[in-house]
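Shown next, in structure tokens, is the structure this report addresses.
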Ligand SMILES: *Cc1c(COP(=O)(O)O)cnc(C)c1O
């Protein structure tokens, strides 16, 4: 069986690196996208045990999953301003913290909470340059109204999201200044903004000059991967593991894989492992890239690297075993000549967890 193994000690070490980099501020662990591929529940339990008390997800259904798995002590912020009835129902059922990014979202949350006879908790989002959710920084009156005029909504936080933190330059500091301006105008109007937060992983590591406010929202750094140029002490988490299903001896001159791009030059012992593109292997290799951009581009990169002599290795019982030929959708062939290798041995592959389909089971160790 192919599984994705999550090393809990590396996640915890990464959390420590984040905490040190942001001056010990509270870390809101962002668990969207199936916990960045590490597994929503697996990652949540690991960081909860390390003392994280605040989660954030995009999909309200994820908040219900977290609650259903016994994670009841943590705050869960929903990173989506929404007026969809099913979203609001899930948010209220999970006792999650809604995001209010517009007067319409505030009104919808107020109505849904009133209908249930409860008070919803929310953070207000400000659009300082992401252009996705949020009040504009100039909409002070509307923001004050969201805090004050909704009897069934209790606003306990204020935040924004950076659009360009992966690159240097002043755009991120300008976004931070815009958020600070809103917080200052709220206080001047007699409204306490609550928990103010803005920085994501890229902001913490690429922009140490920033004021990181009261808390940071961290996702990719927990997995050891951050967009941008920063050098960090983060360690990459997760590996894809599968067992060798076939071992064969080939003479010299035999092609391996689609296109026959590799031909044995000597008698070669091969091991076949049922791992391939379908499992996220060799879909991308770029160190910094953490976005699902364009599979084809990465595949092209890999093919180019291969043609130029770049080789990829799997780990087989502590030995590097070179990948031979093109990886298939479901199969990879390894060179195990001279290595101890038998059917059933475990091969370990380095893969970006985001690219590993959710159907592949996650296991934290
Ligand atoms: C994804 C996300 C984050 C976390 O970003 P990372 O760079 O992965 O740490 C923080 N805030 C919001 C609103 C997000 O959508």
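The values are calculated or read from the model by the stated rules, or taken from the named source; none is laboratory data. These numbers come from a predicted model, not from an experiment. Glycine also receives a Cβ, built like all others from the backbone with ideal geometry; neighbour counts cover every protein chain displayed.
For (1) out of contact with any helix residue (DSSP H, G or I) (no Cβ under 6 Å at 6 or more places or on another chain); (2) more than 21 Å from residue 109 (Cβ to Cβ), each residue gets a yes or a no:
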site	(1), (2)
132	yes, no
142	no, no
162	no, yes
165	no, yes
199	yes, yes
213	yes, yes
224	no, yes
231	yes, yes
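Within region 274-285, does at least one residue satisfy the condition of being within 35 Å of the chain's Cα centre (by Cα), surrounded by 13 or more Cβ atoms within 10 Å (Cβ to Cβ), part of a strand (DSSP E or B) and modelled with pLDDT of 95 or more?
Scanning region 274-285 turns up no residue that is within 35 Å of the chain's Cα centre (by Cα), surrounded by 13 or more Cβ atoms within 10 Å (Cβ to Cβ), part of a strand (DSSP E or B) and modelled with pLDDT of 95 or more.
Any idea which of (1) assigned to a helix (DSSP H, G or I); (2) within 18 Å of residue 146 (Cα to Cα); (3) touching a residue at least 24 places away in the same chain (Cβ under 8 Å) is the one residue 118 doesn't satisfy?
Going through (1) assigned to a helix (DSSP H, G or I); (2) within 18 Å of residue 146 (Cα to Cα); (3) touching a residue at least 24 places away in the same chain (Cβ under 8 Å) one by one, residue 118 breaks only (1).
Condition first: farther than 11 Å from residue 28 by Cα and free of Cβ contacts under 8 Å to residues at least 40 places away in the same chain. Now tell me which residues in region 72-81 satisfy that.
Listed by number, the residues that qualify are 72, 73, 78.
With region 138-244 as the region, which strands (runs of 3 or more DSSP E) entirely inside it contain at least 1 residues that are within 16 Å of the ligand (Cβ to nearest atom), in contact (Cβ under 8 Å) with a residue 12 or more places away in the chain and closer than 30 Å to residue 283 by Cα?
Passing ranges, in order: 215-218.
Identify, please: which residue in region 26-48 is touching a helix residue (DSSP H, G or I) at 6+ places or on another chain (Cβ under 6 Å) and assigned to a loop (DSSP other than H, G, I, E, B) and is, among those, nearest to residue 157 (Cα to Cα)?
Here the answer is 31.
For the structure I just gave you, tell me whether residue 322 is assigned to a strand (DSSP E or B) and either under 30 Å from residue 31 (Cα atoms) or out of contact with any strand residue (DSSP E or B) (no Cβ under 9 Å at 6 or more places or on another chain) (or both).
Judged against the criteria, residue 322 is not a match.
Please find, within region 24-42, the residue that is nearest to the ligand (Cβ to nearest atom) out of those that are under 21 Å from residue 280 (Cβ atoms) and touching a strand residue (DSSP E or B) at 6+ places or on another chain (Cβ under 6 Å).
Once the filter is applied, the top-ranked residue is 30.
Is region 65-75 home to any residue that is surrounded by 21 or more Cβ atoms within 10 Å (Cβ to Cβ), within 19 Å of the chain's Cα centre (by Cα) and within 13 Å of the ligand (Cβ to nearest atom)?
No, because not a single residue in region 65-75 is surrounded by 21 or more Cβ atoms within 10 Å (Cβ to Cβ), within 19 Å of the chain's Cα centre (by Cα) and within 13 Å of the ligand (Cβ to nearest atom).
For region 82-101, how many residues meet the condition of being surrounded by fewer than 20 Cβ atoms within 10 Å (Cβ to Cβ) and either on the phi > 0 side of the Ramachandran plot or touching a residue at least 40 places away in the same chain (Cβ under 8 Å) (or both)?
The number of residues fulfilling the criteria is 1.
Looking at 51, 70, 23 in this structure, which one is closer than 26 Å to residue 357 by Cα and part of a loop (DSSP other than H, G, I, E, B)?
70
Every residue in region 43-52 that is more than 13 Å from the chain's Cα centre (by Cα) and more than 14 Å from the ligand (Cβ to nearest atom), please.
45, 46, 48, 49, 50, 51
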